[in-house]
Amino acid sequence: MSLLRVLGRPMLASMFVAGGLDSVRHPENVTDIAEPVVRPVTGRVPLLPDSTEDCVRLSGAVQVAGGLLLATGRMSRPAALAIALTLIPTTLAAHRFWEEEDPGQKAQQRIHFLKNLSMLGGLLIAADDTGSAPSLLWRGRHAAHDLRRDAHLVSRSVRAGAGPAAMAGRVRAKLSC
């Protein structure tokens, strides 16, 4: 694993571990902000809890668990994807710069929105990073290619051996008569 991955993954994960712990411990701090985004989502996704506070806790728990996995490099690709899925509603709920009237607040919320957008980009890159190992798709394609090549070689050897074997059978049949 490269030094950049060893250093970069924990750096990217640190924000989610810290923020996730805060959401798990004190969901009431962001429940009012999260309400406009959580309500429509919980109505459409039956697996999510009905309570906004429980959704905030769940999102925080996913961020903590995913952040720890990402930081340690264990299952970092699915962990980065899970964190990315929690970051989208978090960003839409907490940084609604388009609704701000005060120019100073609007600028601050836009900065936070863009910061979260850039973290989302980093998470998507981390989710796609195979750590210099071939991806499952690549391995599957090459395994299929190798199987086709082996089947072709077996087919050629069977055809090559079938002619002499047939001739030997004919000779044997003539000799036994």
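The values are calculated or read from the model by the stated rules, or taken from the named source; none is laboratory data. These figures come from a predicted structure and were not determined experimentally. Note: ideal-geometry Cβ built from the backbone for every residue, glycine included; neighbour counts use all protein chains shown. When the accessible area is computed, the model is the full protein with side chains, heavy atoms only, and any ligands, DNA or RNA have been set aside. Shrake-Rupley method; radii C 1.70, N 1.55, O 1.52, S 1.80 Å.
So the values come out like this:
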quantity: Cα gyration tensor, the range 91-142 - rounded (a/c under 1.5), prolate or oblate; calculated: prolate
quantity: Å² of accessible area per residue within the chain, as computed with a 1.4 Å probe and no ligands counted; calculated: 67
quantity: Debye log10 I(q)/I(0) for the range 58-177, one point scatterer per Cα, at q = 0.20 Å⁻¹; calculated: -1.05
quantity: Full-stretch length increase - MET11, ILE88 - with 0.36 nm per residue and alpha-carbon distance subtracted; calculated: 25.8 nm
quantity: Dipole magnitude of the range 1-132 about its Cα centre (Cβ charges: Lys, Arg +1; Asp, Glu -1), debye to nearest 20; calculated: 600
quantity: Among LEU7, PRO27, ILE111 the positive-end extreme of the charge dipole of the chain (Cβ point charges); calculated: LEU7
quantity: Whole-Å distance, taken between Cα centres, linking the range 1-38 and the range 40-68; calculated: 13
quantity: Over the range 58-122, equivalent-ellipsoid semi-axes from the Cα gyration tensor in Å; calculated: 28, 11, 8
quantity: 20 Å cut-off, amide nitrogen to a point 7 angstrom out along TRP98 Cα→Cβ, residues in the range 119-133; calculated: 119-121
quantity: Spin-label pair LEU117/ASP50, simplified geometry with 7 Å Cα→Cβ offset, distance in nm; calculated: 3.7
